[in-house]
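Novice: This structure is in structure tokens; I'll ask about it shortly.
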Number of protein chains: 2
Amino acid sequence: MSTLGHTLDLTADVVALTRALVDLPSESGEEARLADAVEAALATLPHLTVERIGNSVVARTDLGHPERILIAGHLDTVPAAGNLPSLLRGDLLYGLGACDMKGGVAVALRLAATVPEPTRDLTYVFYECEEVEGERNGLGRIAAVRPELLNADLAILMEPSDAGVEAGCQGVLMADITVRGERAHTARAWRGVNAAHRAGAVLQRLADHTPERVVIDGLEYREGLNAVAVRAGVAGNVVPDECVITINSRFAPSRSAAEAETYVRDLFPEDEYEVDVTEVVPGALPGLDRHAVASLVRVLGATPRPKLGWTDVARFAALGTPALNYGPGDPVLAHTAGEYVPVAQLRACEERLTRWLRRAGR
Amino acid sequence: MSTLGHTLDLTADVVALTRALVDLPSESGEEARLADAVEAALATLPHLTVERIGNSVVARTDLGHPERILIAGHLDTVPAAGNLPSLLRGDLLYGLGACDMKGGVAVALRLAATVPEPTRDLTYVFYECEEVEGERNGLGRIAAVRPELLNADLAILMEPSDAGVEAGCQGVLMADITVRGERAHTARAWRGVNAAHRAGAVLQRLADHTPERVVIDGLEYREGLNAVAVRAGVAGNVVPDECVITINSRFAPSRSAAEAETYVRDLFPEDEYEVDVTEVVPGALPGLDRHAVASLVRVLGATPRPKLGWTDVARFAALGTPALNYGPGDPVLAHTAGEYVPVAQLRACEERLTRWLRRAGR
């Protein structure tokens, strides 16, 4: 721990704590000071065993309960955008990471400090590098070096979900579709084959494609298939011999990675197109039929919604652990310069989770 | 003139002279040394009046003939591509600019030196900056400051045309077609409008379009309409709100600039698309029906072909002067690292033009 470390007062109310977290910048890769402060604050709590892995901090109770709940939040934020320090304006707390997701981290830290005898055992995970490439993700690092620390019957990811339950998440597939042609001078274009012209059929196929709506546990996962980039061009007087279309597919969590890939390859058969799948990560089923999830949803009194983006709940799904998103803040505001978190949502999330963790389990 | 100037021996044969020109590098903007050498060599010829305008050199006879022929070649080349110094291999002379167009310049310099009493008055123009943006073009600069120097009954541009006559040239139009949409996160793509998908219709329309073939004076000008660049993309998880397609139109010299623009705008009506015409330069009619052109073509014994690219003949057309391309070298080799000029073509061009210039006019 840094000797110049900031201190976090976990007895402060959740709004003050969120502000303190926002005012301690922690862009991805620069989480050390915040991790130091979180580790130091948790280390003062006798009911928790604290471990540090890189710039991630894991704190656990060990009360011998039959059920274990994991509560997780990432410490990092996207880069600042003139939105520091924090600013409280009426009921809204503005500032970098206020929404994504220092509000959720503050709620989790408050639970750690104020619920010393929960009715289920708890594992808190505060982790690094969620906003950057997957290999650097703190949860992934813990899963690699100390997987047993992530064992749980249910994981609650405190990603912004408007203080509602967002269950499961969609999968993501990225692919490059390359259309080839033959270069020629535009004054003699008939000697070549224009790859950009040929790409028109690919884009038209995407325009004509109707994404499916898949219902799971009563939740509708609306899929998507989009060209997110198109690149062609050699010079102003040259017929381009290559056009690359990057597509982003969001697929329902009921599809496996392989099924998602087959879906795209069926649309763009390899005898016509070169399809290079550059990334495919499956989603996470909502798991509303699992006991632990159903019980929490009941207590929170929230009607679950489907999570359409991809979040780290999918990492838990891959470990066989049901997981859901539940945190303060509107997910649409994430990564915007004007992001904020409503004070009422901070308090509601803290209050409801506290109540649930003190209520008799099962 | 530079005191360190290179000298050009105009009594040397056309192959040696071409090599000397190639070995005096003159990338666009760096023509001063070559212009110095050309000016100095022409200044020794008593039958010529020499003027320097920037790094362009104009040399004229004034014999009182009723007809004046202008013979022009640009001094500059594209940047070197490991193709210096010159290399004679069998009948082919390799090196930067050998084809485009120091071979043609060498032929013109030989005519200037060896035909002191032509049967028509002659204006030789050796000019700068043909290979770069139009505003820097040496011919354009002369037209702006000393337009009378370009007066002629016929202009012969010694651009590579395989020692054949390439008559007229096509016009060029460049335009950006912008297709708009609405940005959205790909997880909620239905909230947006994908501009790349909408661009599919533009590319499809280009793919379906059949360019016209326009016959003028018996020559077929085959038009072209091509997407030369396509650009769309905000981020991997964002539905793009803009797709820009750059198109290059090659149009027959019988169309005016305004007609060429109307043609494109009719294909992409403004209630559907934003069309920004960024450049439009009309072509040049072949003018085979003009007396001066017909006479030269007859003497050269070449069957005229249509010029499909755009060349500076269009600048003469704009001045009302018929013009054609006639020079050694395969135009397809222009701007390639392996460009060369056949020795036989150098000699053929010199010999035929010399004969014509010594033959009784009219």
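The values are calculated or read from the model by the stated rules, or taken from the named source; none is laboratory data. Keep in mind that this is a model prediction, so the values were computed, not measured. Neighbour counts run over all protein chains shown; Cβ positions are idealised from the backbone, glycine included.
Novice: Kindly provide the set of residues from region B:219-230 that are within 30 Å of A:Val280 (Cβ to Cβ) and either more than 7 Å from chain A (Cβ to nearest Cβ) or among the small types (Gly, Ala, Ser) (or both), ordered by number.
Specialist: Selection gives B:Ala229 alone.
Novice: Restricting attention to region A:169-198, report how many residues are of a type in the set (S, T, N, Q) and more than 11 Å from chain B (Cβ to nearest Cβ).
Specialist: Number satisfying all stated conditions: 1.
Yes/no per residue for (1) over 23 Å from A:Tyr340 (Cα atoms); (2) out of contact with any Gly (no Cβ under 7 Å at 6 or more places or on another chain); (3) assigned by TED's automatic domain parsing to the domain that holds A:Arg347:
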{"site": "A:Thr18", "(1), (2), (3)": "no, no, yes"}
{"site": "A:Ser26", "(1), (2), (3)": "no, yes, yes"}
{"site": "A:Glu30", "(1), (2), (3)": "no, yes, yes"}
{"site": "A:Leu34", "(1), (2), (3)": "no, yes, yes"}
{"site": "A:Leu42", "(1), (2), (3)": "yes, yes, yes"}
{"site": "A:His47", "(1), (2), (3)": "yes, yes, yes"}
{"site": "A:Asp62", "(1), (2), (3)": "yes, yes, yes"}
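Novice: Every residue in region A:84-99 that is of a type outside the set (Ser, Thr, Tyr) and in contact with a strand residue (DSSP E or B) (Cβ under 7 Å, 6 or more places away or on another chain), please.
Specialist: The answer is A:Leu87, A:Asp91, A:Leu92, A:Leu93, A:Gly95, A:Leu96, A:Gly97, A:Ala98, A:Cys99.
Novice: Out of B:Pro79, B:Pro25, B:Pro85, B:Pro46, I need the residue that is at pLDDT below 95 and either surrounded by 20 or more Cβ atoms within 10 Å (Cβ to Cβ) or part of a loop (DSSP other than H, G, I, E, B) (or both). Which one?
Specialist: B:Pro79
Novice: Pick out the one residue from A:Arg205, A:Arg231 that is at pLDDT 95 or above, over 20 Å from A:Ala314 (Cβ atoms) and out of contact with any strand residue (DSSP E or B) (no Cβ under 9 Å at 6 or more places or on another chain).
Specialist: Matching residue, one of A:Arg205, A:Arg231: A:Arg205.
Each row is one residue, and each column tells you yes or no for (1) surrounded by fewer than 17 Cβ atoms within 10 Å (Cβ to Cβ); (2) out of contact with any Phe, Trp or Tyr (no Cβ under 6 Å at 6 or more places or on another chain); (3) not β-branched (Val, Ile, Thr).
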site	(1), (2), (3)
B:Asp289	yes, yes, yes
B:Phe316	no, yes, yes
B:Ala323	no, no, yes
B:Gly327	no, yes, yes
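Novice: Any residue at all in region B:249-256 that's more than 20 Å from the chain's Cα centre (by Cα) and either within 23 Å of A:Leu203 (Cβ to Cβ) or more than 7 Å from every other protein chain (Cβ to nearest Cβ) (or both)?
Specialist: No, there is no match, as no residue in region B:249-256 is more than 20 Å from the chain's Cα centre (by Cα) and either within 23 Å of A:Leu203 (Cβ to Cβ) or more than 7 Å from every other protein chain (Cβ to nearest Cβ) (or both).
Novice: Out of region A:88-121, which residues are in a loop (DSSP other than H, G, I, E, B) and within 22 Å of the chain's Cα centre (by Cα)?
Specialist: Once the filter is applied, which keeps residues that are in a loop (DSSP other than H, G, I, E, B) and within 22 Å of the chain's Cα centre (by Cα), region A:88-121 yields A:Gly95, A:Leu96, A:Gly97.
Novice: Could you please find all residues in region B:199-216 being more than 7 Å from chain A (Cβ to nearest Cβ) and surrounded by 18 or more Cβ atoms within 10 Å (Cβ to Cβ)?
Specialist: Of everything in region B:199-216, those that are more than 7 Å from chain A (Cβ to nearest Cβ) and surrounded by 18 or more Cβ atoms within 10 Å (Cβ to Cβ) turn out to be B:Val202, B:Ile216.
Novice: What's the number of the only condition in (1) farther than 30 Å from B:Ala229 by Cα; (2) small (Gly, Ala, Ser); (3) surrounded by fewer than 24 Cβ atoms within 10 Å (Cβ to Cβ) that A:Ser161 fails to meet?
Specialist: Against the list (1) farther than 30 Å from B:Ala229 by Cα; (2) small (Gly, Ala, Ser); (3) surrounded by fewer than 24 Cβ atoms within 10 Å (Cβ to Cβ), A:Ser161 comes up short only on (3).
Novice: So, in region A:52-66, exactly how many residues are surrounded by fewer than 21 Cβ atoms within 10 Å (Cβ to Cβ), touching a residue at least 60 places away in the same chain (Cβ under 8 Å) and out of contact with any strand residue (DSSP E or B) (no Cβ under 7 Å at 6 or more places or on another chain)?
Specialist: Of the residues in that region, 3 qualify.
Novice: Filter region B:234-245 for residues that are part of a strand (DSSP E or B) and within 7 Å of chain A (Cβ to nearest Cβ); which is modelled with the lowest pLDDT?
Specialist: Among residues in region B:234-245 that are part of a strand (DSSP E or B) and within 7 Å of chain A (Cβ to nearest Cβ), the one modelled with the lowest pLDDT is B:Val238.
Novice: Is region B:292-303 home to any residue that is charged (D, E, K, R) and touching a residue at least 12 places away in the same chain (Cβ under 8 Å)?
Specialist: no
Novice: Consider region B:33-43. How many of its residues are charged (D, E, K, R) and either assigned to a strand (DSSP E or B) or within 19 Å of B:Leu70 (Cα to Cα) (or both)?
Specialist: Looking only at that region, the number is 1.
Novice: Just to be sure, is A:Val230 buried (at least 17 other Cβ atoms within 10 Å of the Cβ) and touching a Cys at 6+ places or on another chain (Cβ under 9 Å)?
Specialist: yes
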